[in-house]
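Enquirer: Okay, here's the structure, questions in a sec.
The values are calculated or read from the model by the stated rules, or taken from the named source; none is laboratory data. Keep in mind the model is a prediction, meaning the values are calculated, not measured. Cβ atoms come from the backbone with ideal geometry, glycine included; neighbour counts cover every protein chain shown. Just so you know, the surface numbers come from the protein's heavy atoms only, side chains and all, with ligands and any DNA or RNA stripped out. Shrake-Rupley method; radii C 1.70, N 1.55, O 1.52, S 1.80 Å.
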Amino acid sequence: MKIQPGKLLKSSFAVALATFASRVCGLLRVRLESAVLGGGALASGWFLAVTIPNLFRRLLGEGALGTALIPLTAEIEEKEGITAARRKLAVVFTVLGAILALIVLIFSLAALITGKYCAESGNDFWRSDRITTMLKLLPLLMPYAFFICLTGVIGAVLNYAKIFVRPALTALLFNIFMLAGLSVAFFGGFSAETILPFLAILTPAAGAVQLALMIWMLHSCGRFPLFGRGFSQHWEVVGRLFRLATPGILGYGALQLSFVIDRALAVSLGDKAVPALTYVDRIIDLPIGIFAVSLGSVLMASMSRAAAQGDKASVLEQLEFSLRHVWFICAPMAAMVVFFHADILRVLCLGGKYTMDDLHAARQVAVFYGLGIPFFCSLKVLLPAFYARKQMKTPFYISLAAIMVNIVLNLILMIPLKQGGLALATVISSLTNNSLLLLMLRRQGFALKWYTLLSPLRSMAMAAVSASAVWLILQQAGITISGLGSIGKDILLLIAIGGAFTVCYFVLAMLCRSKEIRELAGILQRRRQNS
């Protein structure tokens, strides 16, 4: 099975465009959230509450279970046909739905009981606004975990069926629902205390609509689960799936535990730490989602087919091609955040209840998270090389090592750097994860060419030179974004800065005769010829 780089990139670009629309709405959501909720205790409570159902989304939806389902589906369809795969999917969805319903019930009851204890407690921490707000909102938010996890698993099946764009577009719905709720608060003058329960109800409503659309897409492509006679004969698939997914579930579980520890440590640093980490995380989610996640979802399906056919050479070729392009695209995104993070935060957050103090609390977080963008992105490409071959244990053990690094560094770096230290620890942990995965791939016979290994250094150097040039020009011209004037003017200026930086980067790439720029140009040229 010979790789078709143009087809691979075009598929991922199509998903990226759909994801881009969702991420742009996400940035608008950041703007409204910061204005309505600010960067203090109420925002901290809201973000902590939303974190819980999202943990299960990463674990049982688009995370380990969805990832394990793709190679398993590939194997079943290859050996038994589509009808058998649909019958086994019926069993998987039934069991998963029951597990998710139980999780929703347990966490909702736990929040109600804990909330009653906190109200009667004499401890200032447990009676603080950020803790009481989180516990009040959690029972309203937890049904979202049920809907979004099933949505993620269906998305994995659709991706294997080479349907990428429409599932990616459904992510728009959540942001549209949130934007509608936040707009009501912002333009209607409602307080954060009043609007938060409304937002908490809108969240599972958005998840329910997403799930309904995904079920319709599953039916329209002929892969809707077959319930009915013979249902009990396919229970063995649940054991196979969970055996395959267990290392990944444990790995994702450990990763989410690390994330929870991050946020718990952030809570101990005061009201501003959790919003600072969350707002910046949403901003850097734009480059990660636009290209890396999109390419990773396409790769997972493509590599699974290659692995099912025993085509090791194709897996390696796809991995090398994807890594080079991930770094080529993500290195300039990282440089943009590192050099212009203050301008980005002023445009996207400053105003309303979000003050300059809140912005200063987020600056170090932005710098360190910005530096980590290429490492966060390359993980989305490296992991499919293992999961497509049903190797779930190796990434699990490596993630455990990276998590231990993260926790130890959190405790060390949070003392001098506060929330910035938590961000830096996350970046170093991701770098550790990348390095160990590459080393293990080499030992398994997937040795990357030196050109591929050196491409990150070349891309980072070109991005740093381009960003430095634009930054120096702005300094000499005295051009700055205050964030306190006309929002339209500030947005246009930020777009102009980004445009100038992008032009510098691509011109430098052409002067350096970058292989990636030639490949991208070739794909675009073929597309024009075919249109």
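Enquirer: Please list Lys390, Lys79, Lys162 from largest to smallest accessible area, probe radius 1.4 Å, with all protein chains kept in place. Don't skip to the answer; put the middle values down first.
Expert: Numbers: Lys390 80, Lys79 150, Lys162 125 Å².
Most to least solvent-accessible, the answer reads Lys79, Lys162, Lys390.
Enquirer: Give me the lysines in straight-line cross-link reach of Lys353: C-alpha distance below 23 Å, same-chain residues under 8 apart excluded.
Expert: Here the lysines satisfying the reach criterion relative to Lys353 are Lys136, Lys272, Lys418, Lys489.
Enquirer: I'd like the accessible area for Asp281: 1.4 Å probe, protein heavy atoms, all chains in place, Å² to the nearest 10.
Expert: Roughly 60 Å² of Asp281 is accessible to a 1.4 Å probe.
Enquirer: Something else about it: Residues with beta-carbon under 15 Å from that of Ala334, excluding Ala334: net charge, scoring Lys, Arg +1 and Asp, Glu -1?
Expert: Values: positive: Lys380, Arg458; negative: Asp281, Asp285.
Counting the neighbours of Ala334, the net charge comes to 0.
Enquirer: Give me the net charge for the shell around Leu453: Cβ to Cβ below 11 angstrom, other residues only, Lys and Arg +1, Asp and Glu -1.
Expert: Values: positive: Arg324, Arg442, Lys449, Arg458; negative: Glu320.
Local charge sum for Leu453: +3.
Enquirer: For a Förster distance of 51 Å, can you work out the FRET efficiency between the beta-carbons of Thr194 and Leu400, rounded to the nearest 0.05?
Expert: Numbers: r = 43 Å, r/R0 = 0.85.
Once rounded, the FRET efficiency stands at 0.70.
Enquirer: Right, something else. Could you rank Leu213, Leu196, Leu409 by how accessible they are, 1.4 Å probe, largest area first? Intermediate values should be presented prior to the final figure.
Expert: On the way: Leu213 70, Leu196 5, Leu409 40 Å².
These residues rank, largest area first, as Leu213, Leu409, Leu196.
Enquirer: Can you pull the accessible area of Glu519 for me, 1.4 Å probe, Å² to the nearest 10?
Expert: Here the accessible area works out near 40 Å².
Enquirer: How about Lys88: which aspartates and glutamates have a C-alpha closer than 13 Å to its C-alpha, ignoring those fewer than 8 places off in the same chain?
Expert: Glu75, Glu77, Glu80, Glu236
Enquirer: In the full protein assembly as shown, how much of Leu316 is accessible to a 1.4 Å probe, in Å² to the nearest 10?
Expert: Result for Leu316: roughly 40 Å² accessible.
Enquirer: What's the FRET efficiency of Ala464 with Leu417 using the Cβ-Cβ distance as r and R₀ = 30 Å, to the nearest 0.05? Before the final figure, lay out the partial values.
Expert: Details: r = 22 Å, r/R0 = 0.75.
For R0 = 30 Å, the calculated efficiency reads 0.85.
Enquirer: Sorted by accessible area with a 1.4 angstrom probe, largest first, how do Met392, Met440 fall? Spell out each step's value before the answer.
Expert: Values: Met392 10, Met440 55 Å².
Listed by decreasing accessible area, they come as Met440, Met392.
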